[in-house]
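Here is the structure we will look at.
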């Protein structure tokens, strides 16, 4: 039985368990979503499902087509960090250079995806993703929240009380 490791929030809404399953959130498991007016969970080979079912697609909630990400793929994978903790890596298969991301808040620097690559997300931080079409921007927020506190952190809290 897979125990859920993290939740993904897009535009403040948690992806439902039927769409992002507990198995999708396991260590090393990569889950790719294609944005095309709605989100489609891609197959392990990176292709859309041949006959999409209810669990393959997720319709947005009055969102302007997910920040104009039409035809772009974003993936998520739980990995170990350099300091021995875990973090979710955001993966982009897009080679389009006008896709950007930034953390939310004052002084946040806009970063370019700059083609295919992956970036380590911080737990609980809200990111803004958008495609810049000559200054006309539609934005999507993204936040990843850890479901399970590492055992070493639980042990530390118990021992310091």
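The values are calculated or read from the model by the stated rules, or taken from the named source; none is laboratory data. Quick caveat, the model's predicted, so the values are computed rather than measured. Note: ideal-geometry Cβ built from the backbone for every residue, glycine included; neighbour counts use all protein chains shown.
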- Message: Suppose we keep only residues that are under 14 Å from the mean Cα position of the chain (by Cα) and outside any loop (DSSP other than H, G, I, E, B) within segment 9-29. Which one would you say is nearest to residue 85 (Cα to Cα)?
- Response: 25
- Query: Any chance segment 138-161 includes a residue that's surrounded by fewer than 12 Cβ atoms within 10 Å (Cβ to Cβ), in a strand (DSSP E or B) and at pLDDT below 75?
  - Reply: no
